[in-house]
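Every read-out reported here was derived from the displayed coordinates using simple, explicitly stated rules and does not represent laboratory data. Quantities reported herein were computed from a predicted structural model and do not represent experimental measurements. Cβ placement follows ideal geometry from the backbone for every residue including glycine, while neighbour counts extend to all protein chains displayed.
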């Protein structure tokens, strides 16, 4: 019998074969002593198999050792990382690396697909009901712990039988380097507040853009490729690996979870009630306890707030696609070794969670997509609710002040000789401050093809008007807005005030129409409603409307204005009333003429009229 069991080691699934055989024989053996002998023999062989497997795994780890494992204060360069994944793809049939789209660096974006059944087609995998975990690295290449963690993670999923088993119903997609030009711009000094590694990339890309502000405007080729790749896979869960800046505290790992109040209710409930508690407990049972991202007022003991990730950010972008997303933020003052290993642990903890609760996660996503398609009211703006706070046990260091050796003024420092563990306030509730009812459709001129392109990259069905006609629509008019100083290549509009009125709009063959019966309605509403903080209007896609194109010469318009007032008694009465109530207006002849001009047929209808109209 011992020889029979021993032969079962020939298979890759030997431990399973042994257990199956033992179960079969045990059920058919009537002699108690033989049953005991069988179980003892199986135990000895399984123990031997476990030791042999562990030794084999250790040998393979040495064979596929990463640059980080050779020197734990070193992060793999771009070429070293790509070469490493090429080796894995060549040696393991379950890994495929593809170039996908271009980046501003002139080099392509890569996707590394890890699929246990060697199927790498997203359509087929989705049809089979597979769950997709999507991992993004080096969006900020000066924060490279995800780069090195993901290389080890991909390898271990191949060589460790226990970890490999987690891939039965899950496909992992890794972007090795997102900001490639930033990764190529290696140095040792751009992260002044960070402990290692020896060399790392630069936060901005070759155009000096922060790619973690570019997911809606898509100025970079990177973001354009990412939009397409993300919507090719439509992942259930996304991880975007980072390193923090800010306060000092005891934790190596902090976590930004997609802001729960902007996420669809179905996936939000799943994330909040099921996923997050298990991620925190799972990390605690491994090497690195985790806390929410320390987005502090001044110091953490005064309370921390949940970060609101607008769609310009990776996790907020994922949220409007009903993907649960996380930005693990390792602490910049901890050793690079600990930062990499904690990032590795988070990826593994996530994979373990998905493996346990895959059906619940998939059901929540399905409900969220259907709800997005059918619901009529969408939240457009949010504000932090300081009246609602959770209590959080936090392990920090006491904040103290002392004279600065540089300025002589009082300076903040955290005393690592004075650690504490205490309850602090965690403000993690955002309330909706603006809700908009979706129209039946949006229509806009074909001249705004950049808007149409971005909609289509994100899975939105964009149709074309087939014949010239006049449509009855609701048009927005921009009444007021503010501008930021130069921000990521734009002058971002905010505090946008609008009015709207019915308009008979002439549309032409080839103009665009977008119906709102789609699972991508979150993206449609966020980008096409001008008051959303990340709308295409806010990002300057339609700024031409903000400048008046025609004007008048006062000496010519004087006689015409008098005629207009003579013919329009109501306008004349309103004009006289304004002069009586507004002394400054009454003293300004040009302002009076302009007031009449703006209410005359000569004033251009398109000035400040938002070009994306709503069809009720």
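Quick check: residue separation of residue 494 and residue 124 times 0.36 nm, minus the Cα distance between them. What number comes out in nm?
Result for the pair: 129.0 nm of gain on full extension.
Using Cβ contacts closer than 10 Å as the measure, can you line up 56, 608 from fewest to most?
Numbers: 56 13, 608 18.
In increasing order of surrounding Cβ atoms, one gets 56, 608.
Grab the Cα-Cα distance for residue 169 and residue 228, subtract it from 0.36 nm times how many residues apart they are, and report the gain in nm with one decimal.
Gain in length upon complete extension: 18.9 nm.
Relative contact order of the chain, please, whole-number percent, based on alpha carbon pairs below 8 angstrom and at least 6 residues apart.
Computed over the chain, the figure is 11 percent.
Counting each DSSP H run of 4 or more residues in the chain as -39500 (n - 2.57), what helix-only mean residue ellipticity at 222 nm follows after dividing by all residues, to the nearest 500 deg cm²/dmol?
That calculation yields -11500 deg cm²/dmol at 222 nm.
Using DSSP, restrict attention to beta bridges with both residues in segment 95-374 and report what percent are antiparallel, rounded to the nearest 5.
Of the beta bridges lying entirely in segment 95-374, close to 45 percent run antiparallel.
How tilted is helix 145-159 with respect to the longest principal axis of the chain? Cα atoms for both, answer in degrees (0 to 90, nearest 10).
Here the helix axis deviates by roughly 40 degrees.
Would you work out if segment 51-99 is rounded, prolate or oblate? Take a ≥ b ≥ c from the square roots of the eigenvalues of the alpha-carbon gyration tensor; rounded if a/c is under 1.5, else prolate when a/b is larger than b/c, oblate otherwise. Don't skip to the end; give the middle numbers.
Working: a/c = 3.71, a/b = 1.19, b/c = 3.13.
Note, shape of segment 51-99 comes out oblate.
Sorted by mean Cβ packing within 10 Å, highest first, what order do the peptides 128-140, 293-305, 589-601 take?
Working: 128-140: 22.6, 293-305: 18.8, 589-601: 14.6.
Final packing ranking: 128-140, 293-305, 589-601.
Any chance you could give the angle, 0 to 90 degrees and rounded to 10, that helix 14-28 forms with the longest Cα principal axis of the chain?
In the chain, helix 14-28 runs at an angle near 60 degrees to the longest axis.
Set the Förster distance to 41 Å, then compute FRET efficiency between residue 402 and residue 274 from the Cβ-Cβ distance, nearest 0.05.
About 0.35, to the nearest 0.05.
If I fit a long axis through the Cα atoms of helix 78-91 and take the longest principal axis of the Cα atoms of the chain, what angle between them do I get, 0 to 90°, rounded to 10?
50
What length, rounded to one decimal in nm, is gained on full extension from residue 477 through to residue 73, with 0.36 nm per residue of separation minus their alpha-carbon distance?
Taking 0.36 nm per residue and subtracting the Cα distance, the gain is 139.9 nm.
Determine, for 283, 456, the number of other Cβ atoms within 10 Å of each Cβ, and report the residues in order from fewest to most.
Starting with the residue having the fewest Cβ neighbours, the order is 456, 283.
Shape call for segment 212-273 from the C-alpha gyration tensor, a ≥ b ≥ c root eigenvalues: rounded (a/c under 1.5), prolate (a/b greater than b/c) or oblate?
Details: a/c = 2.29, a/b = 1.23, b/c = 1.87.
Here segment 212-273 falls in the oblate category.
Order by neighbour count: 243, 393, fewest other Cβ atoms within 10 Å first, most last.
Least to most surrounded, the residues fall as 393, 243.
Where in segment 424-459 is the amide nitrogen less than 11 Å from a point lying 7 Å along the Cα-to-Cβ axis of residue 388?
428-432
Give the shape of segment 95-374 as rounded, prolate or oblate, defined through the alpha-carbon gyration tensor: a ≥ b ≥ c are the square roots of its eigenvalues, a/c under 1.5 means rounded, and otherwise the shape is prolate if a/b is larger than b/c and oblate if not.
Details: a/c = 1.31, a/b = 1.15, b/c = 1.14.
Rounded shape, in that the Cα axes give a/c under 1.5.
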